[in-house]
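The values are calculated or read from the model by the stated rules, or taken from the named source; none is laboratory data. Just so you know, these numbers come straight off a predicted model, no measurement behind them. Every residue, glycine as well, gets a Cβ built from its backbone with ideal geometry; the counts of neighbours run over all protein chains shown. When the accessible area is computed, the model is the full protein with side chains, heavy atoms only, and any ligands, DNA or RNA have been set aside. Shrake-Rupley method; radii C 1.70, N 1.55, O 1.52, S 1.80 Å.
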Amino acid sequence: MSGEGNGVVTGGDRRHSPETRPMTSSTVTVATSQQRLRLNPNKDHKPESYEDLELEFSPAIFSSLERYLPPNMLGVGRNEKVNFMREILVKYLPLGERNRAQRHREYRQKIMSNYQPLHREIYIIHPLTFFTPAFLKAIGDNSEEGYRSIMSEPSPGIFTFEIFQPRFCELLLSEVENFEKWVTEAKFRIMRPNTMNKFGAVLDDFGLETMLEKLMENFVRPISKVFFPEVGGSTLDSHHGFVVEYGKDRDVDLAFHVDDSEVTLNVCLGKQFSGGELFFRGVRCDKHVNTGSHPEEIFDYCHEPGRAVLHRGRHRHGARATTSGHRINLLLWCRSSVFREMKKYQKDFSNWCGECLHNKKERQQQSIASTKSELLRKEGE
């Protein structure tokens, strides 16, 4: 394997192998024995809010899944919708995962009942104060030409661009610090983003879930529709949002891995630091996740505060040691339930997996060589 580590890490609470990954809203696209969900979402339908209900799953799951309800269910009452969707979710969620979901819901409720936000203005998307003018203009244009005008693509499938205004980064950093201070003072046991990061926090857990959902729907999905259509970029419908922290008395580096996402947005919020480079080693499907890297797939990226990196979740990567200072990054894993369901029935992923593509080209070259040899033999005869 080229690059650090002996293989790609896929285990843990959030990074899972295909066999052990728990069912979430992003993996449920088939239905009960009596009715089926739509394969494609009803984009004209505006889902209801379920934030005020006592549910065993996150309210965002129900809002996300509602767009896939069959037409005859869209006009029924909210409780009927909840019951219909709950039956689907429970059917595909093992008992152990159901218990975990219940514990997580209670964990969130405890936070929301006791934590007082410091900067309430960042809990709702305010485009003019959140994003740079150039980024907003590109979103408004909604064209490949417009996006490329603000982006760099230093390596195939890796896009970097300015996204947040410095003031927003400062407020988000301050909010995270305030939450961590509350956690310490309340002697509250915090759930970390995953088993690989021992520091950081899940932003969805303390009230930022709706803001991040809008960030995915209105700003990440339009870009992903253009640049990542082969992995469900146009059908992103759920997310996992969190911050990670690196430096002295924090995580130092991050092992080689893939994300549990179709598309990942990674934004450096600050602060002053050195080191911490991302190293990329090619996109891989489940079958080829631990294969070696080809020379053209090797790329290293240096973080800059306020600058985003957008890449496929299956683009293998890791983070080198942060040698000084304190680095904090915002991660938004964006998922597509449609793509995950369709992926179950595919065997060849040469349209996005580097190893599938390499093997396909080898087969084509062997076929051409064999045909040429056969033609020469017949001509000789």
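Which of the helices (runs of 4 or more DSSP H) found entirely inside region 59-122 contain at least 2 residues meeting this: over 25 Å from the mean Cα position of the chain (by Cα) and surrounded by fewer than 19 Cβ atoms within 10 Å (Cβ to Cβ)?
Details: elements: 59-66, 78-92, 95-114.
Filter on region 59-122 gives 78-92, 95-114.
Scan region 130-161 for residues that are surrounded by 13 or more Cβ atoms within 10 Å (Cβ to Cβ) and polar (S, T, N, Q) and jot them down.
Across region 130-161, the qualifying residues are Thr132, Ser149, Ser155, Thr160.
I'm trying to understand the selection: among the residues of region 140-149, which are out of contact with any helix residue (DSSP H, G or I) (no Cβ under 6 Å at 6 or more places or on another chain) and in a helix (DSSP H, G or I)?
Here is the first cut: in region 140-149, the ones out of contact with any helix residue (DSSP H, G or I) (no Cβ under 6 Å at 6 or more places or on another chain) are 140-141, 143, 145, 148-149.
Passing the criteria: Gly140, Asp141, Glu145, Arg148.
Quick one: how many residues across region 284-316 are open to solvent by 10 Å² or more (accessible area, probe 1.4 Å), hydrophobic (A, V, I, L, M, F, W, C) and more than 18 Å from Ser152 (Cα to Cα)?
Within region 284-316, residues that are open to solvent by 10 Å² or more (accessible area, probe 1.4 Å), hydrophobic (A, V, I, L, M, F, W, C) and more than 18 Å from Ser152 (Cα to Cα) number 1.
Yes or no, residue by residue, for (1) free of Cβ contacts under 8 Å to residues at least 24 places away in the same chain; (2) more than 30 Å from Pro133 (Cα to Cα); (3) part of a loop (DSSP other than H, G, I, E, B):
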position: Asn290; (1), (2), (3): no, yes, yes
position: Tyr345; (1), (2), (3): yes, yes, yes
position: Leu357; (1), (2), (3): yes, yes, no
position: Glu379; (1), (2), (3): yes, yes, no
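Restricting attention to region 240-273, which residues are open to solvent by 10 Å² or more (accessible area, probe 1.4 Å), assigned to a strand (DSSP E or B) and in contact with a Lys or Arg (Cβ under 7 Å, 6 or more places away or on another chain)?
Within region 240-273, Asp251, Phe273 meet the criteria.
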